[in-house]
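The values are calculated or read from the model by the stated rules, or taken from the named source; none is laboratory data. Remember, predicted model here, so these are calculated numbers, not experimental data. Every residue, glycine among them, receives a Cβ derived from its backbone with ideal geometry; neighbour counts consider all protein chains shown.
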Amino acid sequence: MTEITPTVENPRHRQLFVLSNSATWCRATARKLLAEKNYHQVLWVTTIPPEQGLAVPAEKLSPRLGSELDALVFDAWAGFDPDSFGAATGMVRGGGVVLLLTPPLAEWPGYADPALQRFTTWPFSYRDIRSHFLQRLARIISTTDSIQRINQGNQLPELPSPPSAIVFDPNRICRTPDQQLAVNAICHVVHGHRRRPLVLTADRGRGKSSALGIAAAQLLQQGLTRILVTAPGMKAAAVVFHQASRLLPETQNSPGVLQWNNSRIRFIAPDELIQHPQKAELLLVDEAAAIPAPLLEILLKHYSRIVFSTTIHGYEGTGRGFSIRFRDTLNRLTPEWKALHLSRPIRWEENDPVEQFTFRTLLLNASPAADETVKDASLESCKLVRLSRDQLLNNEPLLSELFGLLVLAHYRTRPSDLRNLLDGPALSIYALLHHGHVAATALVVQEGGLDEALANEVWLGRRRTHGHLMAQSLAVHAGFPEAARMRYARIMRLAVHPAAQRRGLGTQLVTEIIHQGADEGVDAIGTSFGATPQLLDFWHRAAFRTVRMGLRREASSGSHAAFMLHPVSTQGTAMQQQLRSRLWEQLPTLLSDPLSNLEPEVTLRLLQGTPQSPTTLYAQEWRDITSFAFGKRGYEVCMTSIRKLVITALADRDIAAVLTGPGKDLLILRVLQNHGWQMLATRFTSKGKRELVATLRRETGRLAEAYAQRHPNGRL
């Protein structure tokens, strides 16, 4: 890996004004202050739009991202959504102003903040919550010298004059030397050696997405004809297409496609690109931190010329965990990869007060404990605690370490997760502390307990209950209305510090949560996650069992979700048994249709984690199996009997162990998941159906012999 260090220069600063009083006074004062200046681009983020000016509610801000503002009015009376605040402040250019409208700071934590509704689950009410997040925010505002605080009765300040446009050299396409260095590095990925990807990182507002678009335009002008762009969504890649279109004359544009002469830049969603790979001379992956790591690894293997770009501290998900975790994958697959970090802001000056306030408030720069502080952590040295919100509020280093570890462990941690951490009424926080430092943590949410009428409405699909993921999913998707009446403690996050992993700390946390759940009268401890072989193995070792598989790949993880339970009551045990039996009954159908793209190793663990009895194979079925495996009968006329053998035999770990990796995968993909011969020939680099069938005969025979030895009475 080669590190590229760009140069750093400074433009201008922005200013933050906090107006605290009644909603009417705050809004009127903001209008008055703005009216005294001729700001051209002003945006209100509010549910009560002013008489003049552009206004949007926080939830509709996304389409406007990428535009630049002279002034932003963020109305916290309409709710303080951390994600929206981080996004909106990033739109303000250097020299601009941010007006934050709030209740009186001392009263703000007790305000019934509408934004709390997204963190409040039945039967709680957001109106009953005293916000620790807002209490911390008010404290930061009160102690930050760079903020101008305006209260009723005080003399109103004069806002600065509207920022003048930054004058750039018209002969330079890039706005900063940083950006030019990035464009050159992107182009070098194409013109240099293969298998040397570039990882482009930056904080928000450094112009990295624009650099992708500029480089793409230059590469088309140099003769490239096919450039692919992928990102978490098409909106995330809008800047790339805008910049390319700006630099290329007479382009033909349609959603997700830029056509210039005979060349094309095309957007394809990550999951579609993996399911249907496209030829390309370059693949640009924007906001890579928000794309599941398994999908990124597949793209890295498939495309020899690829650029990964991501925001390190972003409101849509952090890139810090991505940078650390994905580094190992890059070193393993493409050890000659290069890294480039853009440090100079384009819209504002370095050390900008608004950016510093946003980082501090939203903990965008939170870091886990330093490696040396937890490298000696062990079960004996760690203290298990259940952290209260007051402890986190009054211990900023502890809060930063805790949130930093969550950021590192989960690529889509957002500022809104910090608010949920401090305010979510159904959330419990467990931690293992090593000499006061966070070595591991688990977030647990209370779910279920719905009354009979509501549980039935949920089961019928007529009602949805926000925040009750496990209870609702098992009722609606698994088909058991009584599952919604059970009480669950769902482990929604589990993170162990990288310097303290493989020492049993995660298992210790899970064990404690099980004990606490039993003491508190829940019926089962649950968890749900994007299924991978490693995660399934971990939870299986902790005595959790799969009760449901998501039928579609989740956008957040790129994997099918696994729902697992550990019962702690008699009712929970009975419910788990019913769910597992039902899943086993449905598996043959599910694997051949909605779960046909489930990874073979995940399928194998699913089979081995579901209860079943040795299946009786009747005489005619054994004839089919043996005549196919040891004779020349066709696969299609014997496949029903073969499927019956494979699904039951692979569920037995000892029998499955007789198969090799490729042979085992072929049995799963063809026999259980019904993949076509052509696709299988491509996957296994086979000459065609004849060779695949020969492999199937051999592996079926090995499986039949192992099954017959283990279950001599399983034949009639």
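Taking ASP624, is it of a type in the set (Asp, Glu) and surrounded by 16 or more Cβ atoms within 10 Å (Cβ to Cβ)?
Values: of a type in the set (Asp, Glu): yes; surrounded by 16 or more Cβ atoms within 10 Å (Cβ to Cβ): yes.
Judged against the criteria, ASP624 is a match.
Filtering the range 285-300 to residues that are more than 14 Å from the chain's Cα centre (by Cα) and either farther than 16 Å from VAL199 by Cβ or at pLDDT below 80 (or both) leaves only ILE298. Quick check on the range 482-500. Is at least one of its residues surrounded by fewer than 24 Cβ atoms within 10 Å (Cβ to Cβ), of a type in the set (Ser, Thr, Tyr), under 23 Å from GLN578 (Cβ atoms) and at pLDDT 95 or above? Within the range 482-500, not a single residue is surrounded by fewer than 24 Cβ atoms within 10 Å (Cβ to Cβ), of a type in the set (Ser, Thr, Tyr), under 23 Å from GLN578 (Cβ atoms) and at pLDDT 95 or above. Against the criterion of being charged (D, E, K, R), farther than 25 Å from SER125 by Cβ and out of contact with any Asp or Glu (no Cβ under 6 Å at 6 or more places or on another chain), ASP376 qualifies. Selection within the range 633-650: residues that are modelled with pLDDT of 95 or more and not in a helix (DSSP H, G or I). The member of this set that is nearest to LEU583 (Cα to Cα) is GLY634. Considering the range 121-134, and only residues there that are surrounded by fewer than 21 Cβ atoms within 10 Å (Cβ to Cβ) and not hydrophobic (A, V, I, L, M, F, W, C), the residue that is nearest to ALA58 (Cα to Cα) turns out to be TYR126. Of the helices (runs of 4 or more DSSP H) lying entirely inside the range 340-431, those carrying at least 1 residues that are within 27 Å of ALA138 (Cβ to Cβ) and modelled with pLDDT under 95 are 353-362, 396-409, 415-423.
When ILE274 is tested against the conditions (1) under 20 Å from ALA185 (Cα atoms); (2) among the aliphatic types (A, V, I, L, M); (3) surrounded by fewer than 21 Cβ atoms within 10 Å (Cβ to Cβ), the lone failure is (1). Taking first residues from the range 56-74 that are among the polar types (S, T, N, Q) and partners that are assigned to a strand (DSSP E or B), the Cβ contacts under 9 Å between residues at least 6 apart in sequence or on separate chains come to SER67/LEU43. In the range 281-298, which residues are surrounded by 22 or more Cβ atoms within 10 Å (Cβ to Cβ), touching a Leu at 6+ places or on another chain (Cβ under 9 Å) and assigned to a loop (DSSP other than H, G, I, E, B)? Listed by number, the residues that qualify are ASP286, ILE291. When ARG206 is tested against (1) touching a residue at least 12 places away in the same chain (Cβ under 8 Å); (2) charged (D, E, K, R); (3) in a helix (DSSP H, G or I), just one condition goes unmet, and that condition is (3).
Consider the range 464-475 and keep the residues that are surrounded by 18 or more Cβ atoms within 10 Å (Cβ to Cβ) and free of Cβ contacts under 8 Å to residues at least 40 places away in the same chain. The one that is nearest to ALA500 (Cα to Cα) is ALA471. The residue that is surrounded by the most Cβ atoms within 10 Å (Cβ to Cβ), counting only those in the range 243-267 that are over 22 Å from CYS174 (Cβ atoms) and at pLDDT 95 or above, is PHE267. Each residue in the range 483-519 was checked for being farther than 30 Å from ALA453 by Cβ, outside any helix (DSSP H, G or I) and among the hydrophobic types (A, V, I, L, M, F, W, C), and 3 pass.
Condition check ((1) touching a Gly at 6+ places or on another chain (Cβ under 9 Å); (2) without any contact (Cβ under 8 Å) to a residue 60 or more places away in the chain; (3) surrounded by 24 or more Cβ atoms within 10 Å (Cβ to Cβ)) across all residues:
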| site | (1), (2), (3) |
| --- | --- |
| VAL374 | no, no, yes |
| LEU402 | no, yes, yes |
| ALA409 | yes, no, no |
| ALA426 | yes, no, no |
| LEU433 | no, yes, no |
| GLY436 | no, yes, no |
| GLU447 | yes, no, yes |
| ASP451 | no, yes, no |
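Scanning the range 101-115 for residues that are surrounded by 24 or more Cβ atoms within 10 Å (Cβ to Cβ) and of a type outside the set (Asp, Glu) returns LEU101, THR102, ALA115. Condition test on VAL98, is it touching a helix residue (DSSP H, G or I) at 6+ places or on another chain (Cβ under 6 Å), over 16 Å from ALA23 (Cβ atoms) and either surrounded by 14 or more Cβ atoms within 10 Å (Cβ to Cβ) or not polar (S, T, N, Q) (or both)? So VAL98 passes the test. Looking across the range 206-242 at every residue that is within 21 Å of PRO345 (Cβ to Cβ) and among the hydrophobic types (A, V, I, L, M, F, W, C), the one that is modelled with the lowest pLDDT is identified as ALA236. Of all residues in the range 40-87, those satisfying the criterion of being crowded, with 21+ Cβ neighbours inside 10 Å and of a type in the set (Ser, Thr, Tyr) are THR46, SER84.
What are the residues in the range 229-246 that are in contact (Cβ under 8 Å) with a residue 60 or more places away in the chain and over 18 Å from SER67 (Cα atoms), if any?
THR230, ALA231, PRO232
Quick check: anything in the range 598-619 surrounded by fewer than 17 Cβ atoms within 10 Å (Cβ to Cβ), assigned to a helix (DSSP H, G or I), free of Cβ contacts under 8 Å to residues at least 24 places away in the same chain and not assigned by TED's automatic domain parsing to the domain that holds PRO533? No, that holds for no residue. Looking across the range 304-326, the residues that are modelled with pLDDT of 85 or more and surrounded by 24 or more Cβ atoms within 10 Å (Cβ to Cβ) come down to ILE306, VAL307, PHE308, SER309, THR310.
Checking the condition closer than 22 Å to THR310 by Cβ and of a type outside the set (Lys, Arg), which residue from PRO163, PRO249, PRO177, PRO157 passes?
It is PRO177.
Scan the range 123-134 and give yes if some residue there is hydroxyl-bearing (Ser, Thr, Tyr), in contact with a strand residue (DSSP E or B) (Cβ under 7 Å, 6 or more places away or on another chain) and under 30 Å from ARG463 (Cβ atoms), otherwise no. No: zero hits.
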